[in-house]
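The values are calculated or read from the model by the stated rules, or taken from the named source; none is laboratory data. What you see is a predicted model, and the numbers here were worked out from it, not measured in a lab. FYI the Cβ positions are ideal-geometry reconstructions off the backbone, even for glycines, and counts take in every protein chain you see.
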Ligand code: FES
């Protein structure tokens, strides 16, 4: 069996929603200190609280690019509260799996989305539960 699924390869070679949103309502930037990869996520939120557009820039490995690409596809057109619930497992499942040593790349995608949502809430002055934005404990993460 191939190490990477067809979907991972597709999203790595043809990433969706790459770039920057100049008029973003929320921007999240996260990095993994161990591997040095960096991910930046931009979201545009309409008056109904729906993510109308979303883009990303990832300086990192192929799995980081594939997971960011899939994350943008999973949150685009969704209410912001749903984006907040996006888990790295959901991203991995949507990509038909990742090798165990690449799971941390999907954690980065989840955190980038969450950081963008937090930035949006902060800018709009929307109250939120800080527990929703706890930083992932990378020490216990397989990397
Ligand atoms: Fe670090 Fe992929 S190797 S995000």
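Checked against (1) buried (at least 18 other Cβ atoms within 10 Å of the Cβ); (2) over 11 Å from the mean Cα position of the chain (by Cα), residue 13 passes all but condition (1).
Checking the stretch 42-53 against the condition returns no match, with no residue being closer than 13 Å to residue 112 by Cβ, surrounded by 20 or more Cβ atoms within 10 Å (Cβ to Cβ) and within 10 Å of the ligand (Cβ to nearest atom). Look at (1) under 21 Å from residue 121 (Cβ atoms); (2) touching a residue at least 12 places away in the same chain (Cβ under 8 Å) and you find that residue 57 fails only one, number (1).
Residues of the stretch 108-138 that are under 21 Å from residue 64 (Cα atoms), surrounded by 13 or more Cβ atoms within 10 Å (Cβ to Cβ) and free of Cβ contacts under 8 Å to residues at least 60 places away in the same chain: 110, 133, 136.
Looking across 36, 28, 60, one residue alone is buried (at least 21 other Cβ atoms within 10 Å of the Cβ) and either within 16 Å of the ligand (Cβ to nearest atom) or more than 16 Å from residue 112 (Cα to Cα) (or both). It is 28.
Residue count for the stretch 96-108 satisfying the condition of being out of contact with any strand residue (DSSP E or B) (no Cβ under 7 Å at 6 or more places or on another chain) and within 9 Å of the ligand (Cβ to nearest atom): 6. Would you say residue 88 is within 16 Å of the ligand (Cβ to nearest atom), crowded, with 18+ Cβ neighbours inside 10 Å, touching a residue at least 12 places away in the same chain (Cβ under 8 Å) and under 21 Å from residue 131 (Cβ atoms)? The answer is yes for residue 88.
Might you check whether a residue that is more than 10 Å from the ligand (Cβ to nearest atom), at pLDDT 95 or above, touching a strand residue (DSSP E or B) at 6+ places or on another chain (Cβ under 6 Å) and not in a helix (DSSP H, G or I) occurs anywhere in the stretch 65-76? Scanning the stretch 65-76, I find at least one residue that is more than 10 Å from the ligand (Cβ to nearest atom), at pLDDT 95 or above, touching a strand residue (DSSP E or B) at 6+ places or on another chain (Cβ under 6 Å) and not in a helix (DSSP H, G or I), so the answer is yes.
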